[in-house]
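Engineer: What follows is a single structure, and I will ask about it in a moment.
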Amino acid sequence: MTIKQSLYAAGLALALGGAFAAAPVPALAQAPQGQVLRYAFQGNLNTLDPYSLNETTTLSLQGNAYEGLTRRDRDLKIVPGLAERWEILDNGLRWRFHLRRGVKFHNGEDFTAADVVFSATRVRAQASDLRSRLDADVEVVAVDSHTVDFKLKQPNPILHYEWDTWYIMSKSWAEANNTVQPTSASATTPGYASLNANGTGPFRITFHQVGVRTVYDRNPAWWGTVEHNLSQVIFTPITSAPTRVAALLSGEVDVIDPVPLQDIPRINASNNARVMEGPELRTIFLQMDQRRDELVGSSVKGKNPFKDVRVRRAFYQAIDIEAIRRQVMRGAATPTPLLISPLMFENAGQFQRHPYDLAAANRLLDEAGYPRQGGPNGIRFEVTFDCPNDRYVNDGAICQAVTAMLARVGIRINPQFVPRAQYFAKVLASGGFNTAFYLLGWTPGSFDSWNVLHNLVRCRDDRATGGRGAFNLGGYCNEQVDALTDQILVEADPAKRLALITQAYRIIHEEVSHIPLHQQALAWGVARNVELVQRADNQFLFHWVNKR
């Protein structure tokens, strides 16, 4: 089955099917237990608190110790996790989850319904970055020690689509350690759960020092079928790309992510390692602040140029996406007109990017009232550009290229290209959305367009109400798109739902709510004696690793 077929198979029909339980995944042939895996990533694991940061790498690393009520299998299909089965009752207004018995947290405590109810409250707290996992008006009730009801105000056929990364925490552990509230991504003082973990997953975190290493030991009491042969995993951040590659080739580490694109041939030619490549579902995009009356970090005072669609479109048409694909990404990217991968949207072929056209971009900026100052080569205005330099493939280089391209139409960029921890603390809700222009990547955790529209596009609600528009950092707002998003959530007819999604995408494409760039490709460096599973969501789960 292809990735696209798997995603569609895991789509709307699965959620509407009533009760659901999956057959166990067959175990791989295994080498003797006891291997140590050494894994290096370009950035740090800055928090162990599973509700602090809604970011793929963070959630992936946490997800080796924590678990959700559901899981995703190798093909990204939803399968039972801490809930062994569930059913949809009362015409879709009540979901009942039957919890797995005999599950223990790493500290030996029993997993019960009280932990689910507690986690439902904690994930919706103001400081949580994962409020969109569960809407504020959903009532969560423990029916008994191993049964939980989720009572909805309106049907939601994709309620559980992102629950593989809504990790369940121990109520008593959180209360005993004064960590009932999550620690926000911008907090300068870490909470207890930021530095310690107590999950139910296949690995226990036994050591964690930010920027140094995190050690995972195999959990001998894990409830699941063991498919790995590891006794321990040592995660080490290595920010320098040459150092990361050298560590892989020398055998110092077994897995690195990402592989610098220029080093792929050299690694594949080595005797020790190879590069695992594949499509990724993440879309890299730009967005501009369209909410403030005056931009932060701009030479324009008393107004916001990005409220004018002509300025937004001018920025779009000033970007040479093919040059970025060829020169920055070395061909390992697919330019896109949309905020979602075509693997997850059937009508993607109906959309085309606005063309790269410097003459049109200059004309639009003139028409919008931002002429060049001091002659034909003068500056129109200055704006700050926020970008991480250690999160996405060649993110810093992409932002440097965009900076140079915008200079051609008279836009002077004040670059703020910083490590991801500093970047997220500034631009996300916890930092007050303190950005005028930024780059971000997004993989919809539900593998569905509603996730994109709800998180990235709909009018932002800064209150703790389920995270509506929580990652619409630029504050784009169109009430018609919001109404379509609400319809998409409850529409059960696939053809009607697809038409609604397509209509919403057409509006934001014409209004230039964002500037989609591309879907990047996965490139992991893997030792030749290691077998693992590379999923298109870019989550690296240790329980599928075997090392010879």
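Engineer: Of everything in region 512-532 that's open to solvent by 20 Å² or more (accessible area, probe 1.4 Å) and within 24 Å of the chain's Cα centre (by Cα), which residue is nearest to LEU473 (Cα to Cα)?
Structural biologist: ALA521
Engineer: Test ASN44 against the stated conditions and say whether it is in a loop (DSSP other than H, G, I, E, B), open to solvent by 10 Å² or more (accessible area, probe 1.4 Å) and touching an Asp or Glu at 6+ places or on another chain (Cβ under 9 Å).
Structural biologist: yes
Engineer: Residue check, ALA193 against (1) surrounded by 18 or more Cβ atoms within 10 Å (Cβ to Cβ); (2) out of contact with any Pro (no Cβ under 9 Å at 6 or more places or on another chain), all met but one. Which one?
Structural biologist: In the conditions (1) surrounded by 18 or more Cβ atoms within 10 Å (Cβ to Cβ); (2) out of contact with any Pro (no Cβ under 9 Å at 6 or more places or on another chain), ALA193 misses (2) alone.
Engineer: I've got another one for you. Here is a list of conditions, (1) assigned to a loop (DSSP other than H, G, I, E, B); (2) farther than 19 Å from ASN54 by Cα; (3) of a type outside the set (Asp, Glu), and PHE150 meets all of them except one; can you say which number that is?
Structural biologist: So PHE150 meets the others, but not (1).
Engineer: Looking only at region 343-371, which residues are free of Cβ contacts under 8 Å to residues at least 24 places away in the same chain and over 30 Å from VAL300 (Cα atoms)?
Structural biologist: Matches in region 343-371: ALA348, GLY349, GLN352.
Engineer: Next question, about the same structure. What is the one condition in (1) in a loop (DSSP other than H, G, I, E, B); (2) of a type in the set (D, E, K, R); (3) modelled with pLDDT under 95 that LYS4 does not satisfy?
Structural biologist: (1)
Engineer: For residues in region 491-540 being in a loop (DSSP other than H, G, I, E, B) and touching a Ser or Thr at 6+ places or on another chain (Cβ under 7 Å), which is farthest from ASP395 (Cα to Cα)?
Structural biologist: Of everything passing the filter in region 491-540, PHE540 is farthest from ASP395 (Cα to Cα).
Engineer: Moving on. Residues that are within 16 Å of PHE97 (Cβ to Cβ) and at pLDDT 95 or above: does region 171-191 have at least one?
Structural biologist: No, there is no match, as no residue in region 171-191 is within 16 Å of PHE97 (Cβ to Cβ) and at pLDDT 95 or above.
Engineer: Here are some residues: ASP164, ASP129, ASP90. Which one is open to solvent by 10 Å² or more (accessible area, probe 1.4 Å) and more than 30 Å from ASN538 (Cβ to Cβ)?
Structural biologist: Matching residue, one of ASP164, ASP129, ASP90: ASP90.
Engineer: Hey, can you tell me all the residues within region 132-161 that are surrounded by fewer than 21 Cβ atoms within 10 Å (Cβ to Cβ) and charged (D, E, K, R)?
Structural biologist: ASP135, ASP137, GLU139, ASP144, ASP149, LYS151, LYS153
Engineer: Here's a follow-up. Taking the options ARG420, ARG353, name whichever one is basic (Lys, Arg) and modelled with pLDDT of 95 or more.
Structural biologist: ARG353
Engineer: I would also like to ask the following. Can you pull out the residues in region 484-499 that are among the hydrophobic types (A, V, I, L, M, F, W, C) and within 19 Å of LEU93 (Cβ to Cβ)?
Structural biologist: Answer for region 484-499, where residues must be among the hydrophobic types (A, V, I, L, M, F, W, C) and within 19 Å of LEU93 (Cβ to Cβ): ILE488, LEU489, VAL490, ALA492.
Engineer: Need the failing condition index for THR465 against (1) at pLDDT below 95; (2) under 23 Å from the mean Cα position of the chain (by Cα); (3) open to solvent by 40 Å² or more (accessible area, probe 1.4 Å), just the number.
Structural biologist: (3)
Engineer: Another question, then. Are there any pairs with C-beta distances below 7 angstrom linking a residue in region 473-502 that is within 21 Å of LYS307 (Cβ to Cβ) to a residue that is assigned to a helix (DSSP H, G or I) and charged (D, E, K, R), with the two at least 6 apart or on different chains, and if so which?
Structural biologist: Once the first residue is within 21 Å of LYS307 (Cβ to Cβ) and sits in region 473-502, its partners that are assigned to a helix (DSSP H, G or I) and charged (D, E, K, R) give ASN478/GLU511.
Engineer: Would you check if ASP482 is surrounded by fewer than 24 Cβ atoms within 10 Å (Cβ to Cβ) and in a helix (DSSP H, G or I)?
Structural biologist: yes
Engineer: Same structure again: Give all pairs with beta carbons closer than 7 Å in which a residue from region 396-408 that is free of Cβ contacts under 8 Å to residues at least 60 places away in the same chain meets a residue that is aromatic (Phe, Trp, Tyr); count only pairs at least 6 apart in sequence or on separate chains.
Structural biologist: GLY396/PHE417; CYS399/PHE385; CYS399/PHE417; THR403/PHE385
Engineer: Next question. When PHE351 is evaluated against the numbered criteria (1) open to solvent by 20 Å² or more (accessible area, probe 1.4 Å); (2) within 25 Å of GLY469 (Cβ to Cβ); (3) hydrophobic (A, V, I, L, M, F, W, C), which criterion, by number, is the only one it fails?
Structural biologist: All conditions pass for PHE351, except number (1).
Engineer: From the residues in region 159-205 that are of a type in the set (Phe, Trp, Tyr) and either in a loop (DSSP other than H, G, I, E, B) or more than 26 Å from HIS228 (Cα to Cα) (or both), which one is farthest from the chain's Cα centre (by Cα)?
Structural biologist: Checked region 159-205; the qualifying residue farthest from the chain's Cα centre (by Cα) is TRP173.
Engineer: Looking at region 268-290, I want the residues that are among the aromatic types (Phe, Trp, Tyr) and have a partner that is surrounded by 17 or more Cβ atoms within 10 Å (Cβ to Cβ) with Cβ atoms under 7 Å, at least 6 apart or on another chain. Which pairs are those?
Structural biologist: These pairs meet every condition: PHE285/LEU339; PHE285/LEU440; PHE285/HIS514; PHE285/ILE515; PHE285/PRO516; PHE285/LEU517.
Engineer: Please indicate, with yes or no, whether at least one residue in region 63-71 is of a type in the set (D, E, K, R), touching a residue at least 12 places away in the same chain (Cβ under 8 Å), in contact with a Ser or Thr (Cβ under 7 Å, 6 or more places away or on another chain) and not in a strand (DSSP E or B).
Structural biologist: Yes, there is a match, as at least one residue in region 63-71 is of a type in the set (D, E, K, R), touching a residue at least 12 places away in the same chain (Cβ under 8 Å), in contact with a Ser or Thr (Cβ under 7 Å, 6 or more places away or on another chain) and not in a strand (DSSP E or B).
Engineer: Just need a number here: residues in region 72-102 that are touching a Leu at 6+ places or on another chain (Cβ under 9 Å), under 19 Å from PRO155 (Cβ atoms), hydrophobic (A, V, I, L, M, F, W, C) and in a strand (DSSP E or B).
Structural biologist: The number of residues fulfilling the criteria is 5.
Engineer: Does at least one position in region 103-125 carry a residue that is buried (at least 23 other Cβ atoms within 10 Å of the Cβ), in a helix (DSSP H, G or I) and among the acidic types (Asp, Glu)?
Structural biologist: The answer is yes, given that some residue of region 103-125 is buried (at least 23 other Cβ atoms within 10 Å of the Cβ), in a helix (DSSP H, G or I) and among the acidic types (Asp, Glu).
The values are calculated or read from the model by the stated rules, or taken from the named source; none is laboratory data. A quick note: this is a predicted structure, and the numbers were derived from the prediction, not measured. A quick note on method: Cβ atoms are made from the backbone with ideal geometry, for glycine too, and the neighbour counts reach across all protein chains shown. Surface areas here come from the heavy atoms of the whole protein model, side chains and all, with no ligands, DNA or RNA. Shrake-Rupley method; radii C 1.70, N 1.55, O 1.52, S 1.80 Å.
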